[in-house]
Each structure stands twice: as C-alpha cells, then as structure tokens.
Amino acid sequence: MASVLRRLAVPATLIPLSVPVGLYAFAKLNPEKTTAYAKPVFLWLCAKLKTFHQERFCVLKEDVFSGLKKQDGRNLQVLEIGPGKGANFEYFPPRTSVIAVDPNIEFAQELEENSKQYPDVKVTKFVVAGAEDMSAVAEGSVDAVVCTLALCSVQDVDAVLGEVKRVLKPVIKVTTLTV
Ligand SMILES: C[S@@+](CC[C@H](N)C(=O)[O-])C[C@H]1O[C@@H](n2cnc3c(N)ncnc32)[C@H](O)[C@@H]1O
C-alpha cells in the first residue's frame, strides 16, 4: 500500500503543478494571444464579481452615490473609470450622461447592452484608454468621476488622480458675507 502511494505521489504533485506552469509559459511565449484570450475571461469574471459585489456593497453604494442623486433636476455628466458592465448605473440619477474610460474594448458592447436596463442613463462616449491618460476628455468637463474596483488595476494611481482633477469641473465656492 505504501509503495503504491509513493508511486502516486509524484504524478499527483506534478499534474496539478503543470497547469499553472504551462499557463505561465504560454503567457510568456505568446503575450499577444494571452491578452486576446484573457480579455473575454476577465469579462466573464467581472460579470460574476458584479453579482457578488452588488449583494455586499449595495448599502454602501446607496450612501456613497446619494450625493449624485441630490443633483436631480439638471443633467449630470459623469465620467466612470473602468465601468465594466455598468455595475454602478442603477445608482445614477435620471438624465445622467456617462463617459466611460476603459482600456478593455470588450466591455464597450457589454456596457451598451447593460445600459439598456437604465434608459435614463446614457453612455455618450467610450474612451478606450487607461485612466492614466484621459486626454480624450476635455479639462473641467465632468460633474463627477466614479471609480469602483478599478484602481487596483491601474499602473499609476497618482497619474489617474491627476487626470481626475483635470477633468472635473472646478467647484464654485459661494461665500456669504454678512454685513
Ligand atoms: C473589476 S472590474 C470593475 C468593474 C466595475 N467598476 C465594478 O465595480 O464592478 C475593473 C475594471 O477596470 C478596468 N481597468 C483596468 N485597468 C484600467 C485602467 N488603467 N484605466 C481604467 N480602467 C481600467 C477593467 O477593464 C475593468 O473594466
């Protein structure tokens, strides 16, 4: 019995190990093909994550996005970084226009499809780029920037925050003078 187990030990270790090693070697040798395969896989994974996160974060999101709802009554221009399939659209107030910034073009169609559930939210532009460089979006042109579960994927968080500051409309400070 012990000798059978000993004989099985080597293949039992090597076979499961060969899968990640093989995938890693394939990715190293074929970076372009890997990106092509990885994008739809990532899309599928995000769809699964969306359901998982929506259930857990809905109370927090209601609270965080309530500031946007206060702007009801006028069109709201939102820029969303890495919107995926539009997990945040249900929290946007009526008459919201969305500029989506995502380097993964695979999301464009999914986002358009998903946004049909929210007829009051319109995706007006899909910028295929990393949020580190949003030069396709004009300076001081958006009311709010939304970003959930995406900053972990960006290469340079400081550059993204710099771009966020650039595209946001300047805040108009109202000062009351009492004489
Ligand atoms: C985990 S998904 C999150 C999707 C959605 N925001 C949510 O909360 O479910 C991460 C998203 O960030 C995008 N992303 C990755 N790197 C990015 C970058 N440098 N700039 C903008 N978006 C990026 C991905 O393509 C994807 O759409």
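The values are calculated or read from the model by the stated rules, or taken from the named source; none is laboratory data. Quick caveat, the model's predicted, so the values are computed rather than measured. Using ideal geometry, Cβ is built from the backbone for each residue, glycine included, and neighbour counts are taken over all protein chains shown. Only protein heavy atoms, including side chains, enter the accessible area calculation; ligands, DNA and RNA are left aside. Shrake-Rupley method; radii C 1.70, N 1.55, O 1.52, S 1.80 Å.
Below, the figures for the structure above:
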item: Projected label distance in nm at Ser18 and Leu5, using a 7 Å step from Cα toward the beta-carbon; result: 2.4 nm
item: Integer Hz, Karplus 6.51/-1.76/1.60 couplings in order for the range 125-131, x for Gly and Pro; result: 8, 10, 9, 8, 6, x, 5
item: Solvent-accessible area per residue, Å², over the chain with all protein chains present [probe radius 1.4 Å]; result: 68 Å²
item: Where labels lie 7 Å past Cα in the beta-carbon direction, separation of Glu62 and Lys48 in nm; result: 2.9 nm
item: Gaussian network model of the chain, springs between alpha carbon atoms under 10 Å - residue of Ala25, Ala131, Ala144 with greatest fluctuation; result: Ala25
item: Segment Cys152-Gln109, length gained on full extension (0.36 nm per residue, minus Cα span); result: 13.2 nm
item: Candidates Gly22, Gly67, Gly140, ranked by Gaussian network fluctuation over the chain, Cα under 10 Å, top entry; result: Gly22
item: Cβ charges +1 (Lys, Arg) and -1 (Asp, Glu), total dipole of the chain, debye; result: 420 debye
item: Rounded, prolate or oblate (a/c below 1.5 giving rounded, otherwise prolate when a/b exceeds b/c) for the chain by Cα gyration tensor; result: prolate
item: GNM flexibility winner over the chain from Phe57, Phe107, Phe89 (Cα, springs under 10 Å); result: Phe57
item: Members of Lys48/Lys85; Lys28/Lys85; Lys125/Lys165; Lys85/Lys116; Lys85/Lys169; Lys39/Lys116 lying beyond 21 Å, as alpha-carbon distances in this model show; result: Lys28/Lys85; Lys85/Lys169; Lys39/Lys116
item: Sites Gln117 and Lys28, calculated FRET efficiency, Cβ-Cβ separation with R0 35 Å, nearest 0.05; result: 0.30
item: Asp143-Lys39 pseudo-label distance in nm [points 7 Å out on the Cα-to-Cβ vector]; result: 3.2 nm
